[in-house]
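These notes are about the structure you will find just below.
Bear in mind these aren't lab numbers, they're just calculated from the coordinates by the rules spelled out. Fair warning: this is a prediction, and the values are worked out from it, not measured in the lab. Here Cβ is always computed from backbone atoms with ideal geometry, including for glycine, and neighbour counts include all displayed protein chains.
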Amino acid sequence: MPRGLLGTEDLTREEIQAILDRARDFRPGEGQRFQKFDILRGRMVVNLFFEASTRTRTSFEIAARRLGADAVSITASASSVSKGESLVDTLNTLAAMRPDAIIMRHAASGAPHFLQRHLETPIINAGDGTHEHPTQALLDARTILDRGASLEGLRVAIIGDIAHSRVARSNVYLLSKFGADIVLCGPPSLLPKELAQLAPGVTLTNNMDEAIRDAAVIMMLRVQLERQHEASFPASEYFQFYGLRLEHLRLASPEVIVMHPGPINRGREISSEVADSQRSVILNQVENGISVRMAVLERVLAEQGNHGVSAH
Ligand code: NCD
C-alpha cells in the first residue's frame, strides 16, 4: 500500500517528530516572506474536498506550490459527484490523470482508508467525518512546541463537541504518544464515556472550570451542527456552560495558550475578548498549517521517488 497520511494514530512518535522538525525548516524567519523551494518540481497534487473548507484546502494548495509542485483543487459540488458518480469512480478517474498524491476531505469516517486500499496514489486525509484530521493535530503540536513547552506531562484541555470532532481525535492520538495529560470536556451528550479509552492519559469531565484548572493549553472546538442529528443547545445556553471567557483564563496556567482549529463562532464557544487576546494563538495555528503541510507533502511525495519521465 502506498504511504499517504491517513491519521496520527498510525504514526510513530519518531515520524511525528521528524515532520514537526522539518516544518521548522520551511518556516520563514521573523518578518520574512515564505521562500519557494524546488523540492517537488514537476509533481502534482489534487485537492478533492467533499466538505467545506477554507484553511485546510488553501494551505495545502499553498504548501504544494511553495515546494514547486502543481496543485489542482476540486470541490465536490462543482464536479461530477453532483451528477451521481460514485466515490470509487471519481477517485479512479482522478488517479488516471496521474497525480502524485490526492488530498481528500470527506464526510464519511474511513473514506480515505477505504480508497487507499484500492488506489496506488497516496492519499492524504484532510478530515474524514468524525474520525481524523492528522495535519490539524500536527500543526497544533508545532504551535504548542513553538511556545517552548514540551508535550511530556503538559496539561491540555480540549473543550466542546468532542463526540463529532476529528480534530480532537487526531490531537488525542498525537499528544498521548508524547505523554501529555489530556482532559476532554463538553456537555454529556457531546462527550461519550468511551472516549476515555481513546488513548492513555485521557480523562473526561463535564465541568469547564475543572478542565481549565492549571491547563497549559486550552483547545476550543466548534459545535459541529452539520454532524448532529439530535436537537442542539440554544447558542446562549451553550456559551454559558462551555463558552471560553476571559475569567476562565485565571484558572489556567499563567502561560496558557488558547487554540481553535477554526472556523470560530464568536459568542458560541469562545468570546471575542479571548479569541483576540494575547493568549490566543489561533492565527499562529493557521500560519503553521502551511509549513507543516509542506513537511507532510515532502514526506509523502519523496516516498514515491522520482518516477516521472526525465526531462533531460
Ligand atoms: C475543522 C474541521 O474541518 O475538522 N476545521 C479545520 O480543518 N480547520 C474543525 C471544524 O470544522 O470545526
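Hey, could you grab the Kirkwood Rh for the chain? Inverse mean 1/r over distinct alpha carbon pairs, Å, one decimal.
Numbers: mean 1/r = 0.0500 Å⁻¹.
Its Kirkwood hydrodynamic radius stands at 20.0 Å.
When the Gaussian network model of the chain links Cα atoms closer than 10 Å, the mean-square fluctuations of E30, E298, E120 top out at E30. Picking from A180, A252, L115, whose Cα lies most toward the positive end of the charge dipole for the chain (charges on Cβ: Lys, Arg +1; Asp, Glu -1)? Going by the Cα projections, it comes out as L115. Here the sum of -39500 (n - 2.57) over DSSP H runs of 4 or more residues, divided by the residues of the chain, equals -10500 deg cm²/dmol at 222 nm, to the nearest 500.
As a proxy for reagent exposure, ranking E269, E14 by other Cβ atoms within 10 Å from fewest up yields E14, E269.
How much net charge surrounds R155 when only the other residues with a Cβ under 13 Å from the Cβ of R155 are counted, with Lys and Arg +1 and Asp and Glu -1?
After counting each charged neighbour, the total is -4.
Simple point charges give the picture: +1 on the Cβ of Lys and Arg, -1 on the Cβ of Asp and Glu, and for region 148-280 a dipole about the Cα centre of about 240 debye.
Expressed as an acute angle from 0 to 90° and rounded to the nearest 10, what is the orientation of the C-alpha long axis of helix 282-304 relative to the principal long axis of the chain? Roughly 30 degrees, rounded to the nearest 10.
Across L138, L191, L251, mean-square fluctuation computed from a Gaussian network of the chain (C-alpha pairs under 10 Å connected) peaks at L251.
When only DSSP loop residues count, what trypsin sites (Lys or Arg not before Pro) in region 1-96 have their Cβ near at most 13 other Cβ atoms within 10 Å? Don't jump to the answer; show the numbers that get you there.
Working: sites: R3, R13, R22, R24, R33, K36, R41, R43, R55, R57, R65, R66, K83; in loops: R3, R33, K36, R41, R43.
Passing sites in region 1-96 are R3, R33, K36, R41.
The string of couplings for region 176-185 from the Karplus curve (6.51, -1.76, 1.60, θ = phi - 60°) is 5, 5, 9, x, 6, 9, 10, 10, 9, 9 Hz, one whole number per residue in order, with x for Gly and Pro. Of the GluC sites (Glu not before Pro) found in region 142-245, the ones in coil according to DSSP and having at most 14 other Cβ atoms within 10 Å of their Cβ are E152, E230. Simple point charges give the picture: +1 on the Cβ of Lys and Arg, -1 on the Cβ of Asp and Glu, and for region 1-67 a dipole about the Cα centre of about 400 debye. In units of the compact-protein estimate 2.2 N^0.38 Å, region 205-306 shows a Cα radius of gyration of 1.33.
Give me the angle, in degrees from 0 to 90, between the Cα long axis of helix 13-26 and the longest principal axis of the Cα atoms of the chain, rounded to the nearest 10. The angle comes out at about 80 degrees. Report the relative contact order of region 1-68, percent, no decimals, based on alpha-carbon pairs under 8 angstrom and at least 6 residues apart. Relative contact order of region 1-68: 33 percent. Cα gyration tensor of region 148-280, axes a ≥ b ≥ c as square roots of the eigenvalues: rounded (a/c below 1.5), prolate (a/b > b/c) or oblate? Oblate shape, in that a/c is at least 1.5 and b/c is the bigger or equal ratio. Based on C-alpha pairs under 8 angstrom that are at least 6 apart in sequence, region 102-211 has a relative contact order of 21 percent. Reducing region 181-250 and region 3-67 to their Cα centroids gives an inter-centroid distance of 29 Å. With everything on Cα atoms, drop me the angle between helix 134-146 and the longest principal axis of the chain, reported from 0 to 90° to the nearest 10. On a 0 to 90 degree scale, this one is about 60.
Database remark: amide H of G42 closer than 5 angstrom to the amide H of D70 (H placed geometrically; neighbours at sequence offset of 5 or more, or on other chains; Pro and chain starts carry no H).
Order of D70, D276 from fewest to most other C-beta atoms within 10 Å? Please report the intermediate quantities before stating the final value.
On the way: D70 15, D276 12.
The order, fewest Cβ neighbours first, is D276, D70.
Between amide H atoms placed 1.01 Å from N, distances below 5 Å from M219 occur with A157, I158, I159, M259, all of them 5 or more places distant or on a separate chain.
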